[in-house]
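This report concerns only the one structure given below.
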Amino acid sequence: MRPAATNDDATPNPNAMAAGNLTRLAVLAGDDAWREKADRLFEGVLSAAGENLIGHAALLNALDLRLRGAEIVVTGTGAHAEALLAAARKLPFLDRIVLRAPAADTLAASHPARDKIAAAPDGAAFVCVGARCSLPVMEPEALAGAVAAMRG
């Protein structure tokens, strides 16, 4: 029998890494089954985190991504969309997941930005946190401010 510690050691705990990766995979694949797996992993491991918060920092970071992670959806084609995509990629890695969706039909049917894409036919970025998305962000310079506003 091999013990399965949940706390971080010299490296982040594998459970925490898996939870963060499942959260990202849910967004990138557009499949809520991955999000449900991440939630089950959190349910199984978070009870141990209450006893030692510092030892579970990686798990808390993964939970923060799950609850408050900014999903930036860049729509449209052409130079304007590429500039927005470049600006989204420059934002801090831990705070965001960038999703390129040239058209609404490339997003999952349940995605909150799917209906908003029609409001910006020439391309825009939408910052989504949880089940709500921002108004279209048209300028690359305004993207960081939109992320901060949505994360509150």
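With a probe of 1.4 Å, find how much accessible area the chain has per residue, and write the answer as a whole number in Å².
For the chain, the solvent-accessible area averages 56 Å² per residue.
What number does the range 1-91 give for Rg over Rh if you use C-alpha atoms and the Kirkwood radius?
Reported Rg/Rh (Cα atoms, Kirkwood Rh): 1.10.
What 222 nm value per residue comes from the helices of the chain, counting each DSSP H run with n ≥ 4 as -39,500 (n - 2.57) and dividing by all residues, nearest 500 deg cm²/dmol?
Value at 222 nm, helices only, nearest 500: -14000 deg cm²/dmol.
Please work out the Cα convex hull volume for the range 88-152 and give it in Å³ per residue.
Normalising the Cα hull of the range 88-152 by residue number yields 88 Å³.
What is the percent carbon and sulfur in the accessible area of the chain, measuring with a 1.4 Å probe over the protein chains and ignoring ligands?
58
Quick one: Cα convex hull volume of the chain, Å³ per residue?
Taking the convex hull of the Cα positions in the chain, it is 119 Å³ per residue.
By the gyration tensor of its Cα atoms, with a ≥ b ≥ c the square roots of the eigenvalues, what is the shape of the range 64-107: rounded for a/c under 1.5, prolate for a/b over b/c, or oblate?
Oblate, since a/c reaches 1.5 and b/c is not below a/b.
The values are calculated or read from the model by the stated rules, or taken from the named source; none is laboratory data. What you are looking at is a predicted structure, and each value in this text was computed from that prediction instead of being measured. The accessibility values were calculated without ligands, DNA or RNA, using every heavy atom of the protein model including side chains. Shrake-Rupley method; radii C 1.70, N 1.55, O 1.52, S 1.80 Å.
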